[in-house]
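Notes for the one structure printed next.
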Amino acid sequence: MEDEKEACGLIGVVGHKHAAEYAVSGLFALQHRGEEACGVTAASSDKMKSYQGLGHVSRVFHKMNFAPFKGMHMALGHTRYSITGESENLSNIQPFLVKHKKKQFAVAHNGNIVNSLELKQKLENLGAIFQTTSDSEILVHLIVKSQAKTFKQKIIDAAKKIHGSFNFLILTTEKLYAIRDAHGFRPLCYGEFKKKDGSLTRIVCSETCALDLLDAKYMGQVDPGCLLSLDRNGHMTSDKVLETKKPQAKCIFEMIYFARPDSLVFGESVYAFRKKLGRLLAEQAPVDADIVLPVPDSGNYAALGFSAATGIPLELAITRNHYARRSFIQPSQKHRRSTIKVKLNPIKNVISKKRIVLIDDSIVRGNTLFEKIKILREHGVAEVHLRIAAPPVKHPCFYGIDFPSGNELLANKKTLKQIEKFLNVDSLAFISVENLMSCSERNSGFCNACFTGKYPVKIKHSLNKKTLA
Ligand code: SF4
């Protein structure tokens, strides 16, 4: 995978006097879902307070003074990657904390609103003044425009107008609300732990790895179309508020690549799913080879499954430099190296003269994979048999994953044979859509539109400007 990005991580904590500290700790586990910015907002019965900044969780919060947040029993945290809106714009950092008619509330969003342009234009025509360029702000305006009597009903009114993928966490001085779209595109789960006095702290978050970090017990998924309401004492109610007759459309790419392998996502083990992908890939496209070599880290678990199924030994012979980030600064023109070479270094004596089965999770543009294979060739491999643990990505995503437009996707432009030639590999196989779907214990209710072009929610006019072509 080539640095395609997830569309944000969410966490909400209630029922603890250090709720903000717990939320920030949880954000460390959700860093992979958004690396551009992060923030936390906490609430007591009479006030709300935020802290946020650009960059990684460790950078933003390392100097944070938690003292003013102590005693605020509810908190909301967010890691951001921008699908819509400029990434460097400070006003786009979430949670958004707003005040309207003496009532304060904060909003954090994961997903992408497919009718955002239409909604924004309507709201602006009614006099709304947008403070950010993010589609997430639309919920704020829809909430304040609602004529419903209660705040909870205003949230429901607003959510009914929004199409596409969304998980929203909304914090007030009384409650934390969590609402998941009717298709359930993005994962949202909840858990709890008991304090010494027997009272409960409850957590709502994108992935279970955040629950693990906080020593909380996983209690289940927030069902699609459901609204959870939690108070500062940890009491929770759940209401089905959005129409869910339409099929669910959980993002299959969460299972292939985006979620952490130690998470349960949509109630399933990501680790087991990826290992099974490798096993089925081996059955579908076997090959005679000396070693199985994963592209780290995204190919690791499928490679494990491929190796176990074939008996071909697994070698972790590409070393990943975890300190090389996208912002890597080239030392000088004279010493310029490709960014790939800085990030990944093969162990020559393990791969030289070997026939390798190279496993990666997916191909999007194909440029970085081209570079990786070139480096392997320079290290003297005898043969490269590329096996991809996803079907060809032929269509863009409009539901919260930052794939490029259709005409930039390698599999949209080239046939299998042409891709094989372009990447300079001896053989190439992608897992079939059928095998991919059968890796799920449930095998239904998934979105796979980036492979099949069958979009579960009609694409309207989104602030996300990518095109299908
Ligand atoms: S189009 Fe692909 S990446 Fe987007 S939600 Fe569907 S499966 Fe996920």
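The values are calculated or read from the model by the stated rules, or taken from the named source; none is laboratory data. Source: prediction; values computed, not measured. Quick reminder, even Gly has a Cβ in these numbers, built from the backbone with ideal geometry, and neighbours come from all protein chains shown.
Check whether at least one residue in region 338-354 is within 16 Å of the ligand (Cβ to nearest atom) and either at pLDDT below 95 or not charged (D, E, K, R) (or both), and report yes or no.
no
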query = Any residue at all in region 190-207 that is more than 14 Å from the ligand (Cβ to nearest atom), buried (at least 20 other Cβ atoms within 10 Å of the Cβ) and closer than 18 Å to VAL457 by Cα?
reply = no
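Give the residue that is surrounded by the most Cβ atoms within 10 Å (Cβ to Cβ), with candidates limited to residues of region 45-55 that are out of contact with any Asp or Glu (no Cβ under 8 Å at 6 or more places or on another chain) and over 13 Å from GLN94 (Cα atoms).
It comes out as MET48.
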message = Here is a check on your reading of the model: is GLU371 away from the ligand (no atom under 16 Å from the Cβ) and over 27 Å from LYS343 (Cα atoms)?
response = no
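Strands (runs of 3 or more DSSP E) wholly in region 68-174 with at least 2 residues that are in contact with a Cys (Cβ under 8 Å, 6 or more places away or on another chain) and closer than 23 Å to ILE459 by Cβ - which ones?
Answer list for region 68-174: 103-113.
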inquiry  = So if I check each of HIS141, HIS163, which one is of a type outside the set (A, V, I, L, M, F, W, C) and in contact with a helix residue (DSSP H, G or I) (Cβ under 6 Å, 6 or more places away or on another chain)?
reply    = HIS141
key: Single residue of PHE151, PHE185 found to be more than 22 Å from the chain's Cα centre (by Cα) and among the aromatic types (Phe, Trp, Tyr)   = PHE151
message = Looking at region 416-444 only, could you name the residues that are within 19 Å of PHE306 (Cβ to Cβ), assigned to a loop (DSSP other than H, G, I, E, B) and either polar (S, T, N, Q) or within 12 Å of the ligand (Cβ to nearest atom) (or both)?
response = SER432, SER440
inquiry  = I'd like to know if region 380-392 contains one or more residues that are among the basic types (Lys, Arg) and modelled with pLDDT under 95.
reply    = no
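Filter region 26-44 down to residues that are surrounded by fewer than 24 Cβ atoms within 10 Å (Cβ to Cβ) and touching a strand residue (DSSP E or B) at 6+ places or on another chain (Cβ under 9 Å), then give me how many there are. Please lay out each step first, then the result.
Of the residues in region 26-44, the ones surrounded by fewer than 24 Cβ atoms within 10 Å (Cβ to Cβ) are 28, 31-32, 35-36, 44.
Checking which are touching a strand residue (DSSP E or B) at 6+ places or on another chain (Cβ under 9 Å) leaves us with 31-32, 35-36, 44.
Looking only at that region, the number is 5.
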query = Of (1) away from the ligand (no atom under 16 Å from the Cβ); (2) among the aliphatic types (A, V, I, L, M); (3) outside the structural domain of MET74 (by TED's automatic domain parsing); (4) at pLDDT 95 or above, MET236 satisfies all except one. Which?
reply = (3)
task = With respect to LYS413, determine if the residue is farther than 18 Å from ASP290 by Cβ and more than 16 Å from the ligand (Cβ to nearest atom).
result = yes
note = Expected single match for more than 16 Å from the ligand (Cβ to nearest atom) and crowded, with 21+ Cβ neighbours inside 10 Å among VAL393, VAL384 is VAL384
query = Could you say whether any residue in region 214-222 is touching a Leu at 6+ places or on another chain (Cβ under 9 Å), without any contact (Cβ under 8 Å) to a residue 60 or more places away in the chain and crowded, with 19+ Cβ neighbours inside 10 Å?
reply = yes
ask   = TYR22: in contact with a helix residue (DSSP H, G or I) (Cβ under 9 Å, 6 or more places away or on another chain) and either assigned by TED's automatic domain parsing to the domain that holds ARG202 or among the small types (Gly, Ala, Ser) (or both), yes or no?
value = no
note = Matching residues in region 129-143 (surrounded by fewer than 17 Cβ atoms within 10 Å (Cβ to Cβ) and either farther than 16 Å from HIS109 by Cβ or small (Gly, Ala, Ser) (or both)) number 1
message = Suppose we keep only residues that are under 20 Å from the mean Cα position of the chain (by Cα) and farther than 19 Å from VAL204 by Cβ within region 61-82. Which one would you say is modelled with the highest pLDDT?
response = TYR81
note = For region 252-263, pairs from a residue that is farther than 16 Å from ASN110 by Cβ to a residue that is within 8 Å of the ligand (Cβ to nearest atom) and in a helix (DSSP H, G or I), with Cβ under 9 Å and 6 or more apart or across chains, are ILE252/CYS450; ILE252/PHE451
key: Scope region 267-302; condition over 18 Å from PRO391 (Cα atoms) and out of contact with any strand residue (DSSP E or B) (no Cβ under 8 Å at 6 or more places or on another chain); matching residues   = GLU268, SER269, TYR271, ALA272
